[in-house]
1. Give me the compactness ratio for the stretch 191-345, meaning the Cα radius of gyration over 2.2 N^0.38 Å.
2. Which of Q286, Q148, Q259 moves the most in a Gaussian network model of the chain with Cα springs under 10 Å?
3. Evaluate the distance, in nm, between pseudo-label points positioned 7 Å from the Cα of E384 and of D414 along their respective Cα→Cβ axes.
4. Per residue, how much accessible surface does the stretch 290-423 expose to a 1.4 Å probe? Answer in Å², no decimals.
5. Determine how large the accessible area of S199 is when every protein chain is in place; take a 1.4 Å probe and give Å² rounded to the nearest 10.
6. Please identify, among L141, L311, L229, the residue showing maximal mean-square fluctuation in a Gaussian network model of the chain using a 10 angstrom Cα cutoff.
7. Quote the FRET efficiency, to the nearest 0.05, computed for K324 versus T83 with a Förster distance R0 of 45 Å and r equal to the Cβ-Cβ distance.
8. Would you look at the GNM of the chain, springs on alpha carbons closer than 10 Å, and say which of M278, M152, M378 moves the most?
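The values are calculated or read from the model by the stated rules, or taken from the named source; none is laboratory data. Worth saying up front: this structure is predicted, and the values here are computed from it rather than measured. Neighbour counts run over all protein chains shown; Cβ positions are idealised from the backbone, glycine included. Surface areas here come from the heavy atoms of the whole protein model, side chains and all, with no ligands, DNA or RNA. Shrake-Rupley method; radii C 1.70, N 1.55, O 1.52, S 1.80 Å.
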Amino acid sequence: MNSLFVPVCFSWISSLAFTLICALAPFSSAQAEFCEITSENEILKKIKESHPELRIKGSQLQVLEAGIDQASQVPNPQVNFTTNHGDRNGFGSSETTGSLQYVFEMGRKQSSRIGVAESQQKLGEIKLNNNSDQILIDATLKIARHSQVSTMLSLYKESLDVFKQVRTSLRKNKQLSPEQQVQEDIVDMEVSKHRIRISKLHSEFAYLNRLLQFYSGQDCKISIKDDGLNFPKPKSINVDAAKTPAFRELEWESKLTGQKLSLAKSDSYPDIKIGPSMQLERGMGQDVDRFGVSLTMELPILNRNQGGRALAMRRQSLAEARVKFNRTENDIEIQALLETYKTAFETLNLVPRKAELLKKHHRIEKFFLRGLISISTMVDGHDELLNLMEERDKHELLALETFLKINQARNELDSALMVWGQK
């Protein structure tokens, strides 16, 4: 606490509010300082709660539900009223007519509208779910990449320190042999390569860190260990009923065209407007009151919505043809995802795990610092090992992405994320 702040705080000891601020300020700053996220499950939970797109999903679903309420509405009754006043042979006269008509929709128009609205709601829900799934998949890949970049940054910085030590040691010699001069050049180039790579990794890490903090709604330090990923065997994954997000949307688009065809057929039937009517005449000493029934109905003589029905039928036929074609394409895409996952899974099992590679990395540096291996051997072994670790990271992300997409197609993404978060 600032030394000037203490006497000011105690000089106002009689003020309860100021005393509370003085007492609680250190605790609040300490809480902010130690805010840290250390597990995949923790950050995924926060992302589900705080991601801007996921937070408005409930409101978007309410909009879709409102469409059904709108389709359920029935037409309002209609009132017709006319009154005329005039003069005839010096005598005042008037004529008043009016009717109240209730509209009765024929051809099941209301149920057809509701069917269209329900299909639109389901299609909109499918699209929202697909969008939410993609957000969670992208966030999961960014979390995994964040851990990978953190590990690689530490390794490159560690190696940079080693190479800088070697370069300093070589430069202490006033006279270098040709071989030592070449060694110094090699080490100097390696230092430059490391600095460039560290700069790129640092930029990527800062971007991922800010993005994940924004998604999670928490300005906390993200410290998730990069222990490598464990994946289930490809043989254990059943994809018989799997559907890609695009194909699932296409199926409901086809169902929607079927409902629109029903609506077009219902429009072939005219509505009936019927209700009480009255006619009042005054003039020439005579009053005439008439009461009866008013009926209005469109006569389906010139058309019965043949054009609308034909258009709806063609759209439905086109949609069904697209579903038939894309069903085969869907199976091909699912099998391609499974093959990609299988290849990445088998490759990762043939490559040493991250912990083993880290041991090799540290062993190379230890042997080099003890003078047991040459600079060229150190550089070659070091570069090959870091390249292998980066390639393994790429394969891990590829396996993770295909694994999540396969489970999305199986409608089991939440379960897959839970398993991944507990690795």
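1. For the stretch 191-345, the normalised Cα radius of gyration comes out at 2.26.
2. Q286
3. According to this spin-label approximation, the distance is 4.9 nm.
4. Accessible area per residue: 62 Å².
5. 70 Å²
6. L311
7. Details: r = 63 Å, r/R0 = 1.39.
With a Förster radius of 45 Å, E is 0.10.
8. The residue with the greatest mean-square fluctuation here is M278.
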